[in-house]
């Protein structure tokens with residue numbers, strides 16, 4: 001259960017997902033999808049109940065140790081506008097990367113190469129790495145945020161409306177990258193999605209929320225995630 005400012009945000013939400021799953025969160029605006037993702041990411045703490053990642057309890061005492069296993073994609077991107085695209089993507093390695101590298105934006109060749117590969121997979125040119133994030137379009141910024149989330153090869157990826165500002169073709173490409181990541185790295189992706197056709201194509205599981213409660217679940221084989 002999660003309660004904030006006296007308002008019950010989530011209640012009676014209980015589920016487990018196996019590695020390799022691509023789970024779509026569905027529900028109307030205000031149903032609790034973003035709150036659930038924040039709970040799973042450790043930004044908020046449940047007032048009742050527990051969260052486990054790979055069998056490890058997630059709480060304020062374990063968050064620092066588990067954070068490298070969690071990649072997050074935000075609706076508002078949360079990029080550092082004055083920093084380069086490379087620095088923003090490399091921030092996904094922040095829990096394990098020496099602070100001086102982030103401060104000086106001096107990254108080793110393997111970090112640069114992985115960042116470039118992720119951009120290419122998401123349909124972006126690697127030349128963007130040298131540009132400041134402030135020059136990106138909304139769709140480009142969204143995909144840079146996804147690249148950042150995948151940079152450290154996390155065990156859990158939490159994506160809040162990751163294709164909201166993308167055209168249909170780019171949205172499918174982006175979700176295929178997330179689905180491939182889940183399968184190839186034995187990770188779990190939990191993704192808030194509104195588009196039924198994309199859920200039907202990519203999701204192996206769906207969780208439907210209504211007013212903070214889990215009202216239904218389903219397991220099925222997504223075409224791209226099969």
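Any read-out appearing in this document is the output of simple, stated calculations on the displayed coordinates, not a laboratory observation. Everything numeric here is computed off the predicted structure, so don't read it as measured data. Glycine also receives a Cβ, built like all others from the backbone with ideal geometry; neighbour counts cover every protein chain displayed.
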Quick one: length gained pulling residue 59 to residue 173 fully straight, 0.36 nm per residue minus the C-alpha distance? 37.6 nm
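Where Rh is the Kirkwood radius over the Cα pairs of region 7-73, the temperature 37 °C and the viscosity 0.692 mPa s, what D in µm²/s does Stokes-Einstein return? All intermediate terms of the calculation are to be shown ahead of the outcome.
Numbers: Rh = 13.1 Å.
Taking Rh from Cα pairs, D becomes 251 µm²/s.
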Which angle from 0 to 90°, rounded to the nearest 10, does the C-alpha axis of helix 138-150 make with the longest principal axis of the chain? 80 degrees
Report the antiparallel proportion of the DSSP beta bridges in the chain as a percent, rounded to a multiple of 5. 40 percent
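Using alpha-carbon pairs under 8 Å, 6+ residues apart, how would you state the relative contact order of the chain in percent? Provide the component values of the computation, followed by the final result.
Values: 407 pairs, mean separation 74.1, N = 226.
Once divided by the residue count of the chain, the mean separation gives 33 percent.
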In whole angstrom, how far apart do the alpha carbon centroids of region 153-226 and region 19-47 sit? 12 Å
Using Cα atoms only, what is the angle between the long axis of helix 109-121 and the major principal axis of the chain, expressed in degrees (0 to 90) to the nearest 10? 60 degrees
Mean shadow area of region 41-135, taken as a quarter of the surface of its Cα convex hull (nm²): 7.7 nm²
How tilted is helix 168-184 with respect to the longest principal axis of the chain? Cα atoms for both, answer in degrees (0 to 90, nearest 10). 80 degrees
Of all beta bridges DSSP finds with both residues in region 130-217, what is the antiparallel percent, to the nearest 5? 45 percent
For mean projected area of the Cα convex hull in nm², with candidates (i) 13.6; (ii) 12.8; (iii) 12.1, the value calculated from the shown model is option (iii)
Highest first, please rank the peptides 52-63, 18-29, 164-175 by the mean number of other Cβ atoms sitting within 10 Å of their residues. 18-29, 164-175, 52-63
